[in-house]
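Read-outs: derived from the displayed coordinates by stated rules, not from any lab. Every value quoted in this text rests on a predicted model; they were computed, and no experiment measured them. Please note: Cβ atoms are built from the backbone with ideal geometry, for glycine as well, and neighbour counts cover all protein chains shown.
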Amino acid sequence: MILKYLALTSLIVLYSLMFIGGYISAAGLGLTCPDWPLCPSGLFPSEKYFIEWSHRLIAATTGALIIATAVGCWLAKNAERKIKLTGTLAAIFVVTQITLGAIVIDLKLHALLVSIHLGIGILLFAMVLLTTLFAFRLGKTTIQAKI
């Protein structure tokens with residue numbers, strides 16, 4: 001039962017992350033904090049770095065939630081292959097996204113890498129959405145129609 005709410009929390013936090021990431025990109029704030037993973041002001045940002053820093057903090061939280069969800073998918077006793085697959089792919093994609101985000105910052109927002117970052121983000125969202133849908137169906141029996 002906890003897997004449902006863990007997956008749903010992952011989905012909501014991921015959506016928030018994508019929303020903030022879109023804002024950062026559209027506002028041209030992608031290199032506000034030029035160091036990775038921390039900003040020049042250290043663990044707690046100054047006002048100048050707050051938006052970019054919050055994106056990174058939410059990304060770290062999202063990563064932890066998605067990996068925990070993937071582990072939960074494998075530990076759930078009645079989990080089918082499809083939830084294990086989507087949960088595992090989500091975990092792989094989130095690690096890829098965080099790594100790619102660091103590379104994007106290091107290479108000063110190279111356009112191709114930014115596009116790939118967006119594309120993998122969409123795949124990640126799809127996997128987390130599917131995992132959440134499958135988690136809410138766990139334990140429910142389907143009624144077969146007799147023909």
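A simple spin-label model places the labels of Leu43 and Val95 2.6 nm from each other, with each point 7 Å out along Cα-to-Cβ. For an R0 of 22 angstrom, estimate the FRET efficiency from the Cβ-Cβ distance between Ala27 and Leu123 and round to the nearest 0.05. Once rounded, the FRET efficiency stands at 0.35.
Hey, what angle do you get for helix 50-75 against the long axis of the chain, alpha-carbon based, 0 to 90 degrees rounded to 10? So the helix axis and the longest Cα principal axis differ by about 20 degrees. For region 1-31 and region 79-100, compute the distance between their C-alpha centroids and round to whole Å. Here the answer is 16 Å between Cα centres. Pairs of Cα atoms nearer than 8 Å and 6+ residues apart set the relative contact order; for region 20-107 it is 32 percent. Here Lys48 is the anchor, and the aspartates and glutamates within straight C-alpha reach of less than 14 Å, apart from those fewer than 8 places off in the same chain, are Asp35. One decimal place: the segment Phe19-Leu133 gains 38.9 nm when fully extended, by the rule 0.36 nm per residue minus the C-alpha distance. Placing a label point 7 Å from the Cα of Lys140 along the Cα-to-Cβ direction, the residues of region 81-117 whose backbone N falls under 20 Å of that point are 81-87. Within straight-line reach of Lys140, meaning a Cα separation under 18 Å, sit the following aspartates and glutamates at least 8 residues removed in sequence or on another chain: Glu80. Maximal additional length on extending the Ile103-Thr88 stretch stands at 3.1 nm, based on 0.36 nm per residue less the C-alpha distance. GNM remark for the chain: springs join alpha carbons under 10 Å apart, and the peak mean-square fluctuation among Gly30, Gly87, Gly42 falls on Gly42.
Dimensions of region 2-137 based on its C-alpha atoms, expressed as ranges along the principal axes with the largest first, amount to 47, 30, 19 Å.
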